[in-house]
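S.K.: Sharing a structure with you now.
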Amino acid sequence: METAGKVIKCKAAVAWESGKPLSLEEVEVAPPKAHEVRVKIHATGVCHTDAYTLSGSDPEGLFPVILGHEGAGTVESVGEGVTKFKPGDTVIPLYIPQCGECKFCKNPKTNLCQKIRVTQGQGLMPDKTTRFTCKGKPVFHFMGTSTFSEYTVVADISLAKVDEHAPLDKVCLLGCGISTGYGAALNTAKVEPGSVCAVFGLGAVGLAAIMGCKAAGASRIIGVDINPEKFELSKKFGVTEFVNPKDHSKPIQEVLIEMTDGGVDYSFECIGNVTIMRAALEACHKGWGTSVIIGVAASGQEISTRPFQLIVGRTWKGTAFGGWKSVESVPKLVEDYMKKKLMVDEFVTHTMPFDKINEAFDLMHAGKSIRAPIHRPTSQWQKMATAEPEVTPNTSNSEEEQSDATGQEIVNPEDYIKHPLQNRWALWFFKNDKSKTWQANLRLISKFDTVEDFWALYNHIQLSSNLMSGCDYSLFKDGIEPMWEDERNKRGGRWLITLSKQQRRADLDRFWLETLLCLVGEAFDDHSDDVCGAVVNVRTKGDKIAIWTTDFENKDAIIHIGNSSFTGTRTVERPFIAALTSRNNPV
């Protein structure tokens, strides 16, 4: 039902006070006023800046507040005087606006629009009021965006219209971290071809800075991090060398100076540690080296170095949102992503439902995720099509067709129908950590029982070919664990294919997806009940994909399963080894 001009009740994650987890609440979102836009958020990222404010360290932090500033969605309604947006537009909220009129916007040297800076810092809209209420209390806005809500209201100068076909669960990340690091290299540092660069801190922002250095043509990109696992990950973004400060007895700046014959041309601090900021500067080459501060330090902390470090030609710079003039630049970044010129998918290590938002923070704090987009709490968050469902004026008096008297959005139930599968499936992930037991290394990712949820899950996990050696994905019917010890697997066999190391990039992902589709699509006809699940093993010497059956002595079922999957589609055209194995005769 039409919601324009009405208060909308929806779900939001409210921070009632510092240092406490977010609380899922029903909030009221008022209609947009003049030069404001109400946006339906489809997906949002979780960033260290959100955690910084939630911790109580932010001097501008106000409570209660709805956090979030990496979001994407569609326009629900617009206020008076809004001419650049209309309902249904695909948009990304911007924490740095672009009015185009203030002296900052007119100056090509900065992107720090000041039009609404004062009220934004007060957690308010430009008219000095809030559009959020919860339990009768006003709730503050955050960074002018507040994307941890199903609906939010933003100033029309704090919004970018982007490609309507862009996947919102990916491009939401261009609202902060990726754009910030990427732009720090291209816009702020202006890295030159052949340069030597060092990036301190290999989280999302650091990886994006690496990506920017590579795009600019840097010849050497040195990643600096105390987590050695970051090296393999960072190589896909452009790192050529990795340094762990813990492996050296001397200060990291001295290590880098020795490695680079006098220091790096550009360095980037992506942590927010004032000690590392100094090290990053002093690692720069005398005479021309430039260090860019990206990380946000805790309130009250100060940076220091010997003045001589600057006198001899080193430059210290800072950047916000990578120097991008937001309204004009974000659509171009989305366009580059759609044309595969900009990596975004590779930053996504997890995807979480809205009610698991606190777990996304836990993953981030533990260093286990790069970015974990949160999807909105409706069943069609995964749709790439972003137009709002069409509704017609209500002329019926029937109870089913009437709108909610509170103004809550009501849509046609058919828009939310999913296509059920014959079975409920569970996807598991195994990481070979030798310090843990086998069972402790096995983790349930998610369960699904509809076609839409299968694709949503598949499109939001790492491809098999990108997993580290020793890792597995397993898809099994719900209730069956991916181990021989499970009762349903004790008499089971396996149809197995083995791929050479050289086939990983070309064939592994395609073979694994075909296998998954055979499982969830019940491609084995009357023998689908004889299938337990499938596993892909990523190994240094060669990868394996196996379909597990319930009974290795049921020859008819096994032959049919093989003909429907591996032998029926692959033996003629693709080199692999097919073998029937049992627990007592493993390959």
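S.K.: Conditions: (1) within 22 Å of I374 (Cβ to Cβ); (2) modelled with pLDDT of 95 or more; (3) touching a helix residue (DSSP H, G or I) at 6+ places or on another chain (Cβ under 8 Å). F85 meets all but one. Number of the miss?
M.R.: If we test F85 against (1) within 22 Å of I374 (Cβ to Cβ); (2) modelled with pLDDT of 95 or more; (3) touching a helix residue (DSSP H, G or I) at 6+ places or on another chain (Cβ under 8 Å), just (1) comes out false.
S.K.: Look through the range 329-378, keep the residues that are farther than 24 Å from G212 by Cβ and β-branched (V, I, T), and return whichever of them is modelled with the lowest pLDDT.
M.R.: For the range 329-378, the residue satisfying everything is T378.
S.K.: Further question on the same structure: Whether any residue in the range 4-27 is within 18 Å of K161 (Cα to Cα), of a type outside the set (F, W, Y), in a strand (DSSP E or B) and in contact with a Lys or Arg (Cβ under 9 Å, 6 or more places away or on another chain) is what I want to check.
M.R.: no
S.K.: If you don't mind, there's one more thing I want to ask. Please give the number of the condition P21 fails out of (1) within 21 Å of the chain's Cα centre (by Cα); (2) within 20 Å of Q122 (Cβ to Cβ); (3) modelled with pLDDT of 95 or more; (4) not aromatic (F, W, Y).
M.R.: Result: P21 fails condition (2) only.
S.K.: From the residues in the range 123-144 that are within 16 Å of C10 (Cβ to Cβ) and touching a Leu at 6+ places or on another chain (Cβ under 8 Å), which one is surrounded by the most Cβ atoms within 10 Å (Cβ to Cβ)?
M.R.: It comes out as H141.
S.K.: Hey, another quick one. Being more than 28 Å from P167 (Cβ to Cβ) and surrounded by fewer than 18 Cβ atoms within 10 Å (Cβ to Cβ) is the filter here; which residues of the range 34-56 pass it?
M.R.: A34, S55, G56 - these are the residues of the range 34-56 that are more than 28 Å from P167 (Cβ to Cβ) and surrounded by fewer than 18 Cβ atoms within 10 Å (Cβ to Cβ).
S.K.: So, of the residues in the range 87-121 that are more than 28 Å from the chain's Cα centre (by Cα) and touching a residue at least 60 places away in the same chain (Cβ under 8 Å), which turns out to be nearest to T53 (Cα to Cα)?
M.R.: C105
S.K.: State which residue is farthest from the chain's Cα centre (by Cα) when the search covers only the range 343-368 and only residues that are surrounded by fewer than 21 Cβ atoms within 10 Å (Cβ to Cβ) and in a loop (DSSP other than H, G, I, E, B).
M.R.: Restricting to residues being surrounded by fewer than 21 Cβ atoms within 10 Å (Cβ to Cβ) and in a loop (DSSP other than H, G, I, E, B), the top hit is A366.
S.K.: When both residues are 6+ apart or on different chains and their Cβ atoms are under 6 Å apart, which pairs have a first residue that lies in the range 266-281 and is more than 9 Å from I293 (Cα to Cα), and a second that is part of a helix (DSSP H, G or I) and of a type in the set (V, I, T)?
M.R.: Taking only residues 6 or more apart or on different chains, the pairs are A279/I252.
S.K.: Something else about it: Find all pairs meeting these conditions: Cβ atoms under 7 angstrom apart; at least six residues apart or on different chains; first residue within the range 65-76 and at pLDDT 95 or above; second residue among the basic types (K, R).
M.R.: Cβ pairs passing all conditions: G73/K40; T74/K40; V75/K86; E76/R38; E76/K40.
S.K.: Here's another thing I want to ask about it. Does V7 satisfy the criteria of being of a type outside the set (S, T, N, Q) and surrounded by 24 or more Cβ atoms within 10 Å (Cβ to Cβ)?
M.R.: The answer is no for V7.
S.K.: Output yes when any residue across the range 301-316 is touching a residue at least 40 places away in the same chain (Cβ under 8 Å) and either of a type in the set (F, W, Y) or outside the structural domain of I41 (by TED's automatic domain parsing) (or both), and no when none is.
M.R.: There is no residue in the range 301-316 that is touching a residue at least 40 places away in the same chain (Cβ under 8 Å) and either of a type in the set (F, W, Y) or outside the structural domain of I41 (by TED's automatic domain parsing) (or both).
S.K.: Further, regarding this structure: With (1) more than 28 Å from the chain's Cα centre (by Cα); (2) closer than 23 Å to C47 by Cα as the list, and E80 as the residue in question, which single condition is left unmet?
M.R.: (2)
S.K.: Which residues, taken from the range 213-228, are part of a loop (DSSP other than H, G, I, E, B) and buried (at least 17 other Cβ atoms within 10 Å of the Cβ)?
M.R.: A218, D225
The values are calculated or read from the model by the stated rules, or taken from the named source; none is laboratory data. Everything quoted here is computed from the prediction, not taken from an experiment. Methodologically, a virtual Cβ is constructed for each residue, glycine included, from the backbone with ideal geometry; neighbour enumeration extends over all protein chains shown.
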